[in-house]
1. Can you tell me the FRET efficiency between residue 56 and residue 16 if r is taken as the Cβ-Cβ distance and R0 is 22 Å, rounded to the nearest 0.05?
2. Which residues make up the longest stretch of the chain clear of GluC sites (Glu not before Pro) that lie in a DSSP loop with no more than 14 other Cβ atoms within 10 Å, not counting the sites?
3. How about residue 45: which aspartates and glutamates have a C-alpha closer than 14 Å to its C-alpha, ignoring those fewer than 8 places off in the same chain?
4. Could you sort the peptides 60-66, 27-33 by per-residue average Cβ neighbour count (10 Å cutoff), highest mean leading?
5. Select one label from (i) 12.3, 36; (ii) 19.0, 63; (iii) 22.2, 75: the one whose number is Rg and Dmax of the Cα atoms in Å as derived from the coordinates shown.
6. Contact order normalised by length for the chain, with contacts defined as Cα pairs under 8 Å and 6 or more residues apart; what percent is it?
Amino acid sequence: MAVEMWRIDDENWAFYCDMEHEAIHRSIKRSKDWDEMATYRKNDKLLAIQYRLPNSDYRKGRRLLKRVHDSEELSV
């Protein structure tokens, strides 16, 4: 269960998310500016997707990250 975000360069961020978080992926797909950078697979099963997001969507990325981390804390 991983969701991570880090800076790529001055204008872009990377956002990595496991496929366990379906609601997060649905929300990302509605964001037109997020580009898929990489997919992670094992035995033809999709495990995670890494996205590139522009600085203008930084706050949205942080909100998604916080939503996942808050829900993980509640489930422990």
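1. On the way: r = 19 Å, r/R0 = 0.88.
Calculated transfer efficiency: 0.70.
2. Working: sites that count: 11, 20.
The reported range is 21-76.
3. Qualifying aspartates and glutamates at Cα under 14 Å: 18, 20.
4. On the way: 60-66: 15.9, 27-33: 12.6.
Output ranking for 60-66, 27-33: 60-66, 27-33.
5. So the structure-derived entry is (i).
6. 31 percent
Quick note: the coordinates plus some simple rules give every number you see, no bench work behind them. Every value quoted in this text rests on a predicted model; they were computed, and no experiment measured them. Glycine also receives a Cβ, built like all others from the backbone with ideal geometry; neighbour counts cover every protein chain displayed.
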